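Right, one structure below, let's go through it.
The values are calculated or read from the model by the stated rules, or taken from the named source; none is laboratory data. As the structure is a computational prediction, the values presented were derived from the model and not from experiment. Heads up, the Cβs are rebuilt from the backbone with ideal geometry, glycines too, and the neighbour counts pull from every protein chain shown. Heads up: the accessible areas ignore ligands, DNA and RNA and are worked out on the full protein's heavy atoms, side chains in. Shrake-Rupley method; radii C 1.70, N 1.55, O 1.52, S 1.80 Å.
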Amino acid sequence: EHFYRDLSEKTINKGLKSIFSLLADQESKHRKAIEQLEAGQQEPLETGASGDISKLFEDIIQSKDFDNLGIDQIELYKKAQDIEKKSRDFYLEKAEQAKIPIQKKAFLNLAEEERKHFFLLDNIIEFVSRPYNWLENAEFFHLEEY
């Protein structure tokens, strides 16, 4: 959560700033879900995405603000991907170890959310690296998995 909040603060582009803020909010939900599991909650936990990521990308495209995409931050985006991958692997391991069905399901949901975050970051890296190429290939709708 803190990593994404820091990225949001360092990012000039309003659209990317919104995406990183949304990711920080989602990571906060993940933390709360884990806290609820630790407290023994037996109801389904909310871990899912909120907000429309494709709408945020559309806003960036509509604004045509491609000068401040943060290409100098690509290494940070790749670091975020590494964190997401490690988190996904951690949650998958915890799901395998879980003996209570609600815990197993929650960990699998969290792992899936982290996979989606990794995919989103992949799109951000591609978009920031080559915004015009990304737009030319828009018919493949880059975010359909998110």
| request: Please find, among SER87, SER18, SER50, the residue that is within 19 Å of the chain's Cα centre (by Cα), modelled with pLDDT of 90 or more and not basic (Lys, Arg). | output: SER87
| query | What is the residue count in region 81-130 for residues that are of a type in the set (A, V, I, L, M, F, W, C) and not in a helix (DSSP H, G or I)? | reply | 2
| With respect to GLU144, is the statement that it is part of a helix (DSSP H, G or I) and at pLDDT below 90 true? | no
| field | Subset of region 30-43 (residues that are surrounded by 14 or more Cβ atoms within 10 Å (Cβ to Cβ), part of a helix (DSSP H, G or I), over 12 Å from the mean Cα position of the chain (by Cα) and not β-branched (Val, Ile, Thr)) | value | ALA33, GLN36, LEU37
| query | Out of all the residues in region 1-19, which are in contact with a Phe, Trp or Tyr (Cβ under 9 Å, 6 or more places away or on another chain) and not in a helix (DSSP H, G or I)? | reply | THR11, ASN13
| note | (1) farther than 18 Å from SER54 by Cβ; (2) at pLDDT 90 or above all hold for GLU113 apart from (1)
| query | Looking at GLU58, is it open to solvent by 70 Å² or more (accessible area, probe 1.4 Å), among the charged types (D, E, K, R), out of contact with any helix residue (DSSP H, G or I) (no Cβ under 7 Å at 6 or more places or on another chain) and at pLDDT 70 or above? | reply | yes
| field | region 92-125, subset within 14 Å of PHE20 (Cα to Cα) and among the hydrophobic types (A, V, I, L, M, F, W, C), residue most open to solvent (accessible area, probe 1.4 Å) | value | PHE118
| task | Examine region 73-80 for a residue that is under 16 Å from ASP6 (Cα atoms), assigned to a helix (DSSP H, G or I) and of a type in the set (Ser, Thr, Tyr), and state whether such a residue exists. | result | yes
| What are the pairs, 6+ residues apart or on separate chains, where a residue within region 4-32 that is among the polar types (S, T, N, Q) has its Cβ under 6 Å from a residue that is open to solvent by less than 20 Å² (accessible area, probe 1.4 Å) and not in a helix (DSSP H, G or I)? | THR11/GLY70; ASN13/LEU69
